Amino acid sequence: MFLLCERGILGDVTASTAEPILQETFDVPTPTKRVLLLKPRGFCAGVVRAIDIVQIALETFGAPIYVRKEIVHNSYVVNDLAKKGAIFVNELEEVPEGERVIYSAHGVSPAVRQRARERGLKVIDATCPLVTKVHVEAIKFAKQGYSLVLVGHRDHEEVEGTQGEAPAVTQVVSTPEEVDALVVPDPNKVAYLTQTTLSLDEARSMIEALKAKFPNITGPHAQDICYATENRQVAVKNVAHGADLVLVVGSRNSSNSNRLVEVSKNLDTSSYLIDSAEAIQPEWLDGVNTVAVTAGASAPEILVKDVVEYLQSKGYGDVDEVEVMPENVRFGLPPEIVQAIASAPKSSVQPSA
Ligand code: SF4
């Protein structure tokens with residue numbers, strides 16, 4: 001058996017118990033320590049749009065601007081916007097009557113919209129259009145008399161919002177056992193939807209379990225898992241086998257970031273979710289030559305840059321960007337923000353490029 005390293009065949013390792021032929025010692029070349037920087041990574045179009053909305057609202061309407069829940073699931077982004085005057089609240093009851101409030105990228109239920117009306121709040125909706133698409137599907141299926149099964153994590157804000165579109169007919173499932181336990185009035189009139197940020201593999205197996213239980217189940221025309229979640233997972237799948245470690249920049253409560261760690265671990269490549277470079281434990285790098293670095297859809301590039309600089313300081317001199325697929329998606333801004341830009345003094349307010 002020959003051992004292959006990046007610089008060629010090192011030798012026949014099965015012969016290692018034999019007496020050495022050469023008595024003199026020589027240096028075996030040390031494998032290069034390198035970083036593979038995955039692309040696409042980091043901010044998706046929904047996150048760029050949501051952050052733009054808060055920044056433009058602050059610039060045009062002035063602080064304070066209230067934001068219901070974290071605008072996106074990233075502590076660096078939230079802290080940065082808080083410094084600029086955004087006030088993050090958990091519920092609308094914390095927003096003074098008549099004030100301006102922004103809904104996060106994860107969306108809200110109709111019950112939340114109703115509470116905003118009752119309190120006379122001026123609402124700006126930063127819900128990602130791909131989350132809104134799932135809401136529209138939920139409304140459509142419910143109107144057609146289907147029982148709805150929503151595959152997702154029930155404590156996630158997006159799932160709370162989608163379930164809230166048709167709470168009387170929607171059940172949330174996150175494991176095959178929960179699929180087994182489902183009871184519906186008519187097994188021939190069931191539809192499924194999924195959270196946008198699930199693991200592709202997990203969603204596939206859950207949908208298979210649903211199809212086995214309800215052979216006539218129907219679903220959305222196109223999958224609900226969003227392009228950004230899919231692309232970042234595909235990038236990890238393509239590169240994890242050639243890496244000793246995958247570092248995922250993202251916050252603990254970021255669903256799509258957690259899924260990237262799972263994808264890597266499922267391929268037997270160790271992986272950690274890190275909020276920033278400071279979270280890297282030096283022992284993770286023991287015996288590691290190739291580190292792949294990616295970032296969840298809500299993690300800013302500045303944090304990725306810090307991670308790469310940290311790795312360079314530890315001897316990972318070669319940094320190669322590995323573009324697995326191109327990604328060029330942009331979403332338009334909501335009408336309230338478009339109007340705000342139009343009425344602001346020229347060039348004072350610009351969305352990010
Ligand atoms: S991760 Fe997907 S669903 Fe969530 S904000 Fe980004 S594009 Fe939208």
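The values are calculated or read from the model by the stated rules, or taken from the named source; none is laboratory data. This is a predicted model, so every value here is computed, not measured. Reconstructed Cβ throughout: ideal geometry from the backbone, glycine too, with neighbour counts over all protein chains shown.
A few remarks follow.
- Test: residue in the range 139-161 that is modelled with pLDDT under 95 and exposed (fewer than 14 other Cβ atoms within 10 Å of the Cβ): yes
- Single unsatisfied condition, Q223 versus (1) in contact with a helix residue (DSSP H, G or I) (Cβ under 6 Å, 6 or more places away or on another chain); (2) outside any helix (DSSP H, G or I); (3) within 15 Å of the ligand (Cβ to nearest atom): (1)
- G98 being within 29 Å of P167 (Cβ to Cβ), part of a loop (DSSP other than H, G, I, E, B) and more than 16 Å from the ligand (Cβ to nearest atom): yes
- Selection within the range 32-67 - among the small types (G, A, S), buried (at least 21 other Cβ atoms within 10 Å of the Cβ) and away from the ligand (no atom under 16 Å from the Cβ): A57
- Candidate set from the range 179-191 (those that are of a type in the set (D, E, K, R) and not in a helix (DSSP H, G or I)); member that is surrounded by the fewest Cβ atoms within 10 Å (Cβ to Cβ): D186
- Looking across the range 77-92, the residues that are surrounded by fewer than 17 Cβ atoms within 10 Å (Cβ to Cβ) and of a type outside the set (D, E, K, R) come down to N79, A82, G85, I87, V89, N90.
- Within the range 281-296, the set of residues being under 25 Å from V47 (Cα atoms) and either assigned to a strand (DSSP E or B) or more than 16 Å from the ligand (Cβ to nearest atom) (or both) comprises A292, V293, T294, A295.
- Members of the range 27-45 found to be of a type outside the set (G, A, S) and in a loop (DSSP other than H, G, I, E, B), listed by number: D27, V28, P29, T30, P31, T32, K33, P40, R41, F43, C44
- Residue pairs meeting the criteria (Cβ under 9 Å; at least 6 apart or on separate chains; first over 12 Å from G42 (Cβ atoms), in the range 303-315; second polar (S, T, N, Q)): D306/S276
- Some residue of the range 102-117 being within 16 Å of the ligand (Cβ to nearest atom), farther than 22 Å from A138 by Cα and surrounded by 15 or more Cβ atoms within 10 Å (Cβ to Cβ): yes
- Taken over the range 253-279, residues that are more than 16 Å from the ligand (Cβ to nearest atom) and free of Cβ contacts under 8 Å to residues at least 40 places away in the same chain amount to 12.
- In the set V48, V67, only one residue is at pLDDT 95 or above, within 30 Å of E157 (Cα to Cα) and either in a helix (DSSP H, G or I) or charged (D, E, K, R) (or both); that residue is V48.
- Screening the candidates E336, E309 for the property of being under 25 Å from E157 (Cα atoms) and either within 16 Å of the ligand (Cβ to nearest atom) or not in a strand (DSSP E or B) (or both) yields one hit, E336.
Yes or no, residue by residue, for (1) away from the ligand (no atom under 15 Å from the Cβ); (2) more than 20 Å from the chain's Cα centre (by Cα); (3) assigned to a strand (DSSP E or B):
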residue: D155; (1), (2), (3): yes, no, no
residue: P167; (1), (2), (3): yes, yes, no
residue: E177; (1), (2), (3): yes, yes, no
residue: L193; (1), (2), (3): no, no, yes
residue: T196; (1), (2), (3): no, no, no
residue: A203; (1), (2), (3): no, no, no
residue: A212; (1), (2), (3): yes, yes, no
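- Restricting A299, A353 to those that are in a loop (DSSP other than H, G, I, E, B) and at pLDDT 95 or above reduces the list to A299.
- Count of the range 121-136 residues which are crowded, with 21+ Cβ neighbours inside 10 Å and either part of a helix (DSSP H, G or I) or of a type in the set (D, E, K, R) (or both): 4
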